[in-house]
Amino acid sequence: MLNSKEKYKLEVVKSAICGSITNCEASRLLSVSERQIKRLKRDVRKLGAGGVVHKLKNRVSNNFSGTNFKAKVLSLIKTKYSDFKPSFASEKLDEIDGIKVNPETLRLWMTEAHMWRSRKKKGHKYFSFRERKDYFGEMIQFDGSYHLWFEDRLLNSEGYPLEVCLLASIDDATSQIEAKFDMNESVFAVFSFWIEYIKDKGKPLCIYLDKFGTYKVNHKSAVDNFELTTQFQKALNILDIQMINANTPQAKGRVERLFGTLQDRLVKELRLNNINTIEDGNRYLKDIFIPRFNKKFAVLAKKDGDLHRKLQSEETKNLTSAFSVKNIRVVNNDYTIQFKNKFFQLKQIQPVTIMQRQTVQVEEWLSGEIKIKFKDKYLNCFELPQKPQKIKTAPLILAPYKTNWKPPPNHPWKNFKI
């Protein structure tokens, strides 16, 4: 029995056989190629009406894997990969369990079993498309994401799951990533990330990030005050790296989407590998996850070349100083300097002449060391064990002078007449 579509196809093919229409016209009517029309004409001459019927009609598909196989896969997903998305679950089934299932097939099976529900598309504001940069290292998008990366395996002092920060960068041209776990997105955490990045790859031309307080002074009155720069801006200015602050999350959408992917994949990878600490997580990121992620998702840049700039010898020497927290202090009268409730005494012999009440720069290094700088020279100093005693000059006191001496009768005082 032919259905309506097969009957129509048979009429068109018969018309082509008898010559009332050409093969080209028949191909347009059936939306197939002329070669397919020739095959259909041959099958109809040989088999009659059965020549237009698909050979797999009423038969099991050649790719049918069996009901038991489908049940086994869904059982594995329910027990081991219940919160995995279909594509990621398909990868892990192949990698860990040795079962190959097409991601789209798995998506259909999970949807039928109510294990997966496709999200509805939401309306979005209009944003114009921006082309990727041409070269590797031309622009790096950077941000931090607070999340329960270790789920309930890492707890705080009160016994609750600890939310830590993942600092991540993604190259705009190639989508290669670098990432590191830390407790927060503070200036020291960001400095530590970029010191490792620059030592490994070099200085990028530009870093694209948001307006978080670590990166930008957001005070309304500081709009035109270019001296109110953050510690991160000071470091980038020293290293001649341009910084761009995005006005919307969509502007740096590449790194925002990266965190969406990592919050799905990385959390489950850490769970499967039983990684429970920040230190183990960073080792896993560096040795396994990031190389594998870049191999799978990175793309080729439009143009060959790497615009990362190697550090000069002087920059390498001063890299720790560049990524340090800098503050201005005044030299006290006793040649001490106060910083964070600590007092530092300047030694008598210095590489440069310095006087009282002059301003110096105090650098707080990532290692915790405190360095004092004046005219690009580090001063010789040591920390005092306690607050120095205030030096006071004793005032001159005139005490009364007593004596038994009496003036004689002829003393001018007694001879004075009014």
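Screening the candidates 65, 128 for the property of being over 27 Å from residue 245 (Cα atoms), at pLDDT below 90 and assigned to a loop (DSSP other than H, G, I, E, B) yields one hit, 65.
From the list 353, 316, which one is free of Cβ contacts under 8 Å to residues at least 40 places away in the same chain, out of contact with any Lys or Arg (no Cβ under 8 Å at 6 or more places or on another chain), closer than 17 Å to residue 380 by Cβ and surrounded by fewer than 16 Cβ atoms within 10 Å (Cβ to Cβ)? Reasoning before the result, please.
Details: 316 fails: closer than 17 Å to residue 380 by Cβ.
After applying the criteria, what remains is 353.
Residues that are exposed (fewer than 14 other Cβ atoms within 10 Å of the Cβ), charged (D, E, K, R), in contact (Cβ under 8 Å) with a residue 40 or more places away in the chain and part of a loop (DSSP other than H, G, I, E, B): does segment 50-60 have at least one? Checked against the condition, which is being exposed (fewer than 14 other Cβ atoms within 10 Å of the Cβ), charged (D, E, K, R), in contact (Cβ under 8 Å) with a residue 40 or more places away in the chain and part of a loop (DSSP other than H, G, I, E, B), segment 50-60 yields no hits at all. Against the conditions (1) exposed (fewer than 15 other Cβ atoms within 10 Å of the Cβ); (2) farther than 27 Å from residue 256 by Cα, residue 118 satisfies every one except (2). Being at pLDDT 95 or above and either surrounded by fewer than 15 Cβ atoms within 10 Å (Cβ to Cβ) or in contact with a strand residue (DSSP E or B) (Cβ under 8 Å, 6 or more places away or on another chain) (or both) is a description that does not apply to residue 307. The set of residues from segment 147-195 being part of a loop (DSSP other than H, G, I, E, B), of a type in the set (Phe, Trp, Tyr) and over 15 Å from residue 282 (Cα atoms) comprises just one member, 160. The listed residues are 198, 207, and the only one of them that is buried (at least 20 other Cβ atoms within 10 Å of the Cβ), part of a strand (DSSP E or B) and either touching a residue at least 60 places away in the same chain (Cβ under 8 Å) or not aromatic (Phe, Trp, Tyr) (or both) turns out to be 207. For residue 90, the criteria (1) under 57 Å from the mean Cα position of the chain (by Cα); (2) buried (at least 16 other Cβ atoms within 10 Å of the Cβ); (3) more than 30 Å from residue 261 (Cβ to Cβ) hold in every case but one, which is (3). With respect to the stated conditions, residue 255 fails to be over 14 Å from the mean Cα position of the chain (by Cα), modelled with pLDDT of 90 or more and either surrounded by 13 or more Cβ atoms within 10 Å (Cβ to Cβ) or under 21 Å from residue 282 (Cα atoms) (or both). Residue pairs whose Cβ atoms lie under 7 Å apart, sitting 6 or more positions apart in sequence or on different chains, and linking a residue in segment 98-113 that is over 16 Å from residue 88 (Cβ atoms) to a partner that is assigned to a helix (DSSP H, G or I) and of a type in the set (A, V, I, L, M, F, W, C), are 113/74.
Per-residue answers, yes or no, for (1) free of Cβ contacts under 8 Å to residues at least 24 places away in the same chain; (2) outside any helix (DSSP H, G or I); (3) under 30 Å from residue 98 (Cα atoms):
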{"position": "32", "(1), (2), (3)": "yes, yes, no"}
{"position": "35", "(1), (2), (3)": "yes, no, no"}
{"position": "43", "(1), (2), (3)": "yes, no, no"}
{"position": "69", "(1), (2), (3)": "yes, no, yes"}
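Let's see how each residue does on (1) over 24 Å from residue 312 (Cα atoms); (2) in contact with a Lys or Arg (Cβ under 6 Å, 6 or more places away or on another chain); (3) modelled with pLDDT under 95; (4) not assigned by TED's automatic domain parsing to the domain that holds residue 291:
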site	(1), (2), (3), (4)
162	yes, no, yes, no
180	yes, no, no, no
190	no, no, yes, no
207	no, no, yes, no
211	yes, no, yes, no
214	yes, no, yes, no
225	yes, no, yes, no
241	no, yes, yes, no
249	yes, no, yes, no
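Among the numbered criteria (1) without any contact (Cβ under 8 Å) to a residue 12 or more places away in the chain; (2) loosely packed, with under 13 Cβ neighbours inside 10 Å; (3) in the same structural domain as residue 376 (by TED's automatic domain parsing), which single criterion is violated by residue 338? Here residue 338 clears every test but (2).
In the set (1) loosely packed, with under 14 Cβ neighbours inside 10 Å; (2) under 33 Å from the mean Cα position of the chain (by Cα); (3) assigned to a helix (DSSP H, G or I), residue 77 fails one condition alone, (1).
Taken over segment 271-283, residues that are of a type in the set (Ser, Thr, Tyr) and assigned to a helix (DSSP H, G or I) amount to 0. Residues in segment 333-349 that are touching a strand residue (DSSP E or B) at 6+ places or on another chain (Cβ under 6 Å) and part of a loop (DSSP other than H, G, I, E, B): 335 only. Kindly indicate whether residue 35 is within 58 Å of the chain's Cα centre (by Cα) and farther than 30 Å from residue 271 by Cβ. For residue 35, the condition - within 58 Å of the chain's Cα centre (by Cα) and farther than 30 Å from residue 271 by Cβ - is met.
The values are calculated or read from the model by the stated rules, or taken from the named source; none is laboratory data. This is a predicted model, so every value here is computed, not measured. Glycine gets a Cβ as well: all are built from the backbone with ideal geometry, and neighbour counts include every protein chain shown.
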